[in-house]
1. Just subtract the alpha-carbon distance of residue 58 and residue 9 from 0.36 nm times their residue separation and send over the number in nm, one decimal.
2. Give the residue list of trypsin sites (Lys or Arg not before Pro) in region 19-76 that are DSSP loop and have at most 16 other beta-carbon atoms within 10 angstrom.
3. Report, to the nearest whole %, how much of the accessible area of region 29-77 belongs to carbon and sulfur atoms, 1.4 Å probe, protein only.
4. Stretched out fully, how many nm does the piece from residue 70 to residue 30 gain, at 0.36 nm a residue minus the Cα gap?
5. Which loop-located chymotrypsin sites (Phe, Trp or Tyr not before Pro) does region 18-61 contain, where loop means any DSSP state but H, G, I, E or B and the Cβ has at most 16 other Cβ atoms within 10 Å?
Amino acid sequence: MTDDTQASQRQKRRDKRIRNSRRQCHCCKQTFMFCWRCRCGFSICQTCMHENAWGMTCNGITWTCPDCGDQNGYGNQ
């Protein structure tokens, strides 16, 4: 394999990994690199999580999924 072929394959893998890591927020319908995700598939972006934290967390340590009601870590431990 030539260096150009290896570089192009490496770039394709990187692009695919980035494309697959993007998630759509269920609240604002925008695509982000990072979203809070529940095991049921619900995802919410950081901005929407901050705006809706008053209804999703009572202790700042866990948040409750509005779809399934499951408890998820808030990531500050």
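1. Details: separation 49, 0.36 × 49 = 17.64 nm, distance 4.70 nm.
Full extension of this stretch gives 12.9 nm more.
2. Working: sites: 19, 22, 23, 29, 37, 39; in loops: 22, 29, 39.
Answer in residue order: 22, 29, 39.
3. Details: 1710 of 3240 Å².
Ligands and nucleic acids excluded, carbon and sulfur reach 53 percent.
4. Length gained between residue 70 and residue 30: 12.1 nm.
5. Details: sites: 32, 34, 36, 42, 54; in loops: 34, 42.
Taking region 18-61 and a limit of 16 other Cβ atoms within 10 Å, the loop chymotrypsin sites (Phe, Trp or Tyr not before Pro) found are 34.
The values are calculated or read from the model by the stated rules, or taken from the named source; none is laboratory data. Keep in mind it's a predicted model, so treat the numbers as computed, not measured. Note: ideal-geometry Cβ built from the backbone for every residue, glycine included; neighbour counts use all protein chains shown. All accessible areas refer to the heavy atoms of the entire protein, side chains included, with ligands and DNA or RNA removed. Shrake-Rupley method; radii C 1.70, N 1.55, O 1.52, S 1.80 Å.
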